[in-house]
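The values are calculated or read from the model by the stated rules, or taken from the named source; none is laboratory data. On a predicted model such as this, the values are computed, not experimentally measured, just so you know. Quick reminder, even Gly has a Cβ in these numbers, built from the backbone with ideal geometry, and neighbours come from all protein chains shown. The protein model used for the area step is the full one, side chains on, heavy atoms only, and it has no ligands, DNA or RNA in it. Shrake-Rupley method; radii C 1.70, N 1.55, O 1.52, S 1.80 Å.
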Amino acid sequence: ILFWGLMNGLEHIFFTIKNLAFAPGFWSGLLFLIIAVLGFRKLYQEKLFKLKILILGFFTNILFYWTLPMVLFITFSDHIGAIVGT
C-alpha cells in the first residue's frame, strides 16, 4: 500500500510538472505521497523497515500497479472499444 501511494503520488506530480497543467488526481496523489512518506518513516522508526520488505513491495507494485493493468488493457482493448463505441 505504501509503495502504491508513493508511486501514485509521484506519477501525478511528475505529469503535472511535465505538462505544466494539473494532472487528474494531483491532490489525491499528493495526499497518498504524504501518507506513504509518513508510513515509511513510521516503519523506519519502529525498526520494521527491512530490505526484504522494500524489495518485495517494489516488485509487487510493479506487477499489480503497472504490468497487470497494461496487460489487461492490451488484451481487452478491442472488446472495451466495442462496448463504448470507439
| said: If DNA, RNA and ligands are ignored and the probe is 1.4 Å, what is the ranking of TYR65, TYR44 by accessible area, most exposed first? | reply: TYR44, TYR65
| Which value, in debye to the nearest 20, gives the size of the charge dipole of the range 1-62 about its Cα centre, when Lys and Arg are +1 and Asp and Glu are -1 at the Cβ? | 240
| Degrees between helix 2-19 axis and first principal axis of the chain (Cα, 0 to 90, nearest 10) | 60
| Which value, in Å³ per residue, describes the convex hull spanned by the Cα atoms of the chain? | 113
| request: With a 1.4 Å probe and all protein chains in place, put HIS79, HIS12 in order of accessible area, largest first. | output: HIS79, HIS12
